[in-house]
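For reference, the structure discussed in these notes is given below.
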Amino acid sequence: MLNFIYAIQSDQSGGTFGDTFGAANALFSGTALLMLVLAVSLQREELEEVRKERNDTRKLLEGQEELNELQKEALERQNFTQTFNSLLNSALQEKNRLAIRPVVDGRLGQSEYSSSSFFCASLLEKVSAGVRTELILQDSINKLANKNFFYVCMLVHLTNLVDRNNEAEDMASLLRSLFDEECAYCLAWYIVKSTILNEKNDHLLVVFSAFEMIEMLDDEALNGFLKTRPEYAELA
């Protein structure tokens, strides 16, 4: 305004009058440049903050993924333990039921567990003696031959379950103690029977070999087993 008043009162031409506003133009131009530099600086700081927040978010997500993985592993272990304990309890209840010894004429008789094992051993001996297969299979229809089948299959299933878990060595040791001599005779006969009938018996064979149950068989039963499965002679 001072420049304008001075220009009016002074005796100046139009061009000279316009030139008197050059300083104001320079001032506004400089101010605009300064504001532009300030805006760029503020934008750079804002982008830096966004970058930091993004990095923090990525680290948080990575930590969350690790936590989720740990939770998943813990849940899988918990589910495995619960499943194993449930199946083991069922197997032991079945074993206790089979192991009950009835009282006959005031004397303890043989349990179903032992009787079934002896019957399976007799069937293996018939195979060793060369009795015709159809006659042996006819004898095996006797319910006594299959009394222990459910229990033995539960043990085999538990063993397969433990084999798929690398951190279950103590459970494997527990299962090994349950495969006794009676169980060995039954398992050997079930393998022979399924072989004769051309049924799949891979799981039975894996457990039978892993626990070296072939060493629990007597000579006659062993000969009957090897007569059907000669490839296992090296384990005898």
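A few notes on this one:
- Which numbered condition residue 125 misses (of (1) touching a Leu at 6+ places or on another chain (Cβ under 9 Å); (2) open to solvent by 10 Å² or more (accessible area, probe 1.4 Å)): (1)
- Any hit, the range 113-129, residues being assigned to a loop (DSSP other than H, G, I, E, B) and either within 37 Å of the chain's Cα centre (by Cα) or not β-branched (Val, Ile, Thr) (or both): no
- Conditions (1) open to solvent by 40 Å² or more (accessible area, probe 1.4 Å); (2) more than 32 Å from the chain's Cα centre (by Cα); (3) at pLDDT below 85; number of the one not met by residue 164: (2)
- Restricting the range 205-225 to residues that are part of a loop (DSSP other than H, G, I, E, B) and surrounded by 14 or more Cβ atoms within 10 Å (Cβ to Cβ), the residue that is modelled with the lowest pLDDT is 211.
- Some residue of the range 158-174 being part of a helix (DSSP H, G or I), under 23 Å from residue 84 (Cβ atoms) and β-branched (Val, Ile, Thr): yes
A quick yes/no check of all residues on (1) free of Cβ contacts under 8 Å to residues at least 60 places away in the same chain; (2) open to solvent by less than 40 Å² (accessible area, probe 1.4 Å):
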{"site": "172", "(1), (2)": "yes, yes"}
{"site": "186", "(1), (2)": "no, yes"}
{"site": "189", "(1), (2)": "no, yes"}
{"site": "203", "(1), (2)": "yes, no"}
{"site": "227", "(1), (2)": "no, no"}
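The values are calculated or read from the model by the stated rules, or taken from the named source; none is laboratory data. Predicted model, so just to flag it, every value in this text is computed and none were measured. For neighbour counting, all protein chains shown are included, and Cβ atoms are generated from backbone atoms with ideal geometry for every residue, glycine included. Please note that ligands, DNA and RNA were not included when accessible areas were found on the heavy atoms of the full protein model with its side chains. Shrake-Rupley method; radii C 1.70, N 1.55, O 1.52, S 1.80 Å.
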